[in-house]
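Participant: Below you will find the structure I want to go over with you.
The values are calculated or read from the model by the stated rules, or taken from the named source; none is laboratory data. Here the structure is a predicted model, which means the values were calculated and not measured. Positions of Cβ are backbone-derived with ideal geometry, glycine not excepted, and every protein chain shown enters the neighbour counts. Surface areas here come from the heavy atoms of the whole protein model, side chains and all, with no ligands, DNA or RNA. Shrake-Rupley method; radii C 1.70, N 1.55, O 1.52, S 1.80 Å.
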Amino acid sequence: MLTKTIIINALAGSALASPHHFPVFKRQSGASDFISKESPVAKKGVLNNIGADGSKAQGAAAGVVVASPSKENPDYFYTWTRDSGMTMMAVVEQFLAGDDSLETLIQSYVTSQAKQQTVSNPSGDLSDGSGLGEPKFNADLTAFTDAWGRPQRDGPALRASALIAYGNSLIKSNKAQVKQNIWPIVKNDLAYVGQYWNQSTFDLWEEVQGSSFFTTAVQHKALVEGKAFADALGETCDSCAVAPQILCFLQSYWNGTAIISNTPSSGRSGIDANSVLGSIQTFDPAASCDDTTFQPCSSRALSNHKIYVDSFRSIYNVNQGRGAGKAAATGRYLEDSYMGGNPWYLTTLAAAEMLYDALYQWDKQGGIKVDSLSQPFWADLVGNVTTGSYAASSAQYKSMTSAVKTYADGFISVVEEYTPNDGSLSEQYTRDGGDPTSATDLTWSYAAFLTTVARRSGTVPASWGASAASKVPSSCSGQTVQGSYSTPAVPSW
């Protein structure tokens, strides 16, 4: 396997340990009522799974994010670089939105990653950067040495992005601390991306080896924002020079109507949550509806969203009655058989989050442009929509955005229907009855809920510079930059 922001006070004490009954919060209460009830549970769920003080992360080193407390069937009590990076991005966003109580935890994460980077493992070590591609470690930060799908090259990029988001908040007040405690870790990760981006990788589901849309997308973002971060610190990022070539390669996943998430396909259609997750991870609130970076409001992302969601409508029994234009339970990919091949909470939430991202972008830009590529998406929601531009002042715009908001809220209602009484979010819910299954209290599920409802409220991350980095070179190359790596000092805060 593995695997911003409303201000919420964490629940006092642990979540109720009541038996699971379905549904939990009745859907007629509306998405807003469910969000108000579930948000503190989700925040507490994240914090419970971070060592050393998290109530469900006993034995994990300080600042280490465990994927789930589950230790058997399946055993997820490990720390994945990818999951940790995305989780800590959600935590950083909560901190930036005003929850100062989270800063010590964020600093513990930074410290843990300075240590983790130096751990020799089956993928390699820090001397040539190869060890940074190791996907997971034991919760005490020792190497996991059993057979696994390695390397996975998305982790360093996602970790760099989380650390940059925190580091940018400190530059004005304490640039020296950022340079000493954060930059050395980020520098190693950026060097890794620049050196290894053009080599094969296991995808984020740890099943397919080759090239992965999600990995390529987050690598491009990390190098673009990494260059700006380095400049702000008076440092250099030689590896960041290959960002345009990564963007050029990113275009190869597009087949004309959808993103084919993995190459080679390994016998799959390639329609995969990987693509929607990639768009939300690289969402830039200041960007145009740019196809080349697959921004959420882009025609490419909307066409892909429709094809992705539609692929699950007929294969899950829980989707009976959820036809085109209605929110549905979604999973990783239609051929999935892991744990029975079920819908996932985080993928269903991702379908909503991308739409909230798009709504933010349309409002900021003051209009929507419908073309032949995005028209089928709109036709499902608002009927006989024609191609053209719709200004924010128009009745059509208001009708279109209202329909998208209702559609997005529908995915949250799907999650609500299959969330148990205590609000706990597992990895999956069964395709026939909607019962939670697989790993319990999945950290990524909780983090996905927090980012989704933050986007719904209009709380967004800082721009990462997508608009200035969206020009695709006239010819692609596999150019890489030999990395230079150094042992980061254990931070002193």
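Participant: Can you report the number of residues in segment 71-95 which are part of a strand (DSSP E or B) and surrounded by fewer than 24 Cβ atoms within 10 Å (Cβ to Cβ)? Can you show your working first?
Facilitator: First, pick out the residues of segment 71-95 that are part of a strand (DSSP E or B): 71, 75, 78-80.
Then drop every residue that is not surrounded by fewer than 24 Cβ atoms within 10 Å (Cβ to Cβ), which leaves 71, 75, 78.
Residues meeting the conditions: 3.
Participant: Can you go through ASP146, ASP140, ASP53 and tell me which one is within 24 Å of ALA160 (Cβ to Cβ), more than 22 Å from the chain's Cα centre (by Cα) and not β-branched (Val, Ile, Thr)? Give the derivation first.
Facilitator: Values: ASP146 fails: within 24 Å of ALA160 (Cβ to Cβ); ASP53 fails: within 24 Å of ALA160 (Cβ to Cβ).
Only one candidate qualifies: ASP140.
Participant: Restricting attention to segment 114-157, report how many residues are among the polar types (S, T, N, Q), open to solvent by less than 10 Å² (accessible area, probe 1.4 Å) and within 25 Å of ASN274 (Cα to Cα).
Facilitator: Of the residues in that region, 1 qualify.
Participant: Counting only residues that are within 20 Å of the chain's Cα centre (by Cα) and either surrounded by fewer than 20 Cβ atoms within 10 Å (Cβ to Cβ) or within 22 Å of ALA454 (Cα to Cα) (or both), how many does segment 335-361 have?
Facilitator: Total satisfying the criteria: 18.
Participant: Still on this structure: For ARG150, which of the numbered conditions (1) under 22 Å from GLN199 (Cα atoms); (2) of a type outside the set (Gly, Ala, Ser); (3) part of a helix (DSSP H, G or I) fails to hold?
Facilitator: Just one mismatch for ARG150, condition (3).
Participant: Any idea which residue in segment 271-302 is nearest to GLY458 (Cα to Cα), counting only those that are of a type outside the set (A, V, I, L, M, F, W, C), open to solvent by 10 Å² or more (accessible area, probe 1.4 Å) and over 17 Å from the mean Cα position of the chain (by Cα)?
Facilitator: Looking at residues that are of a type outside the set (A, V, I, L, M, F, W, C), open to solvent by 10 Å² or more (accessible area, probe 1.4 Å) and over 17 Å from the mean Cα position of the chain (by Cα), I get SER288.
Participant: Give me the pairs, please: first residue somewhere in segment 417-440 and over 14 Å from TRP344 (Cβ atoms), second residue anywhere and part of a strand (DSSP E or B) and open to solvent by 10 Å² or more (accessible area, probe 1.4 Å), beta-carbon distance under 9 Å, and either six or more positions apart or on two chains.
Facilitator: PRO420/PRO436; SER424/PRO436
Participant: Is it fair to say THR257 is open to solvent by 10 Å² or more (accessible area, probe 1.4 Å), part of a loop (DSSP other than H, G, I, E, B), within 28 Å of GLN107 (Cα to Cα) and of a type outside the set (D, E, K, R)?
Facilitator: In short, no.
Participant: Go through (1) under 22 Å from LEU355 (Cβ atoms); (2) touching a Cys at 6+ places or on another chain (Cβ under 9 Å) one by one and return the number of the condition THR451 breaks.
Facilitator: That leaves (2) as the condition not met.
Participant: What number of residues within segment 396-423 satisfy the criterion of being hydroxyl-bearing (Ser, Thr, Tyr) and buried (at least 23 other Cβ atoms within 10 Å of the Cβ)?
Facilitator: Matching residues across segment 396-423 total 2.
Participant: Give the residue, chosen from TRP205, TRP183, that is among the aromatic types (Phe, Trp, Tyr) and outside any helix (DSSP H, G or I).
Facilitator: It is TRP205.
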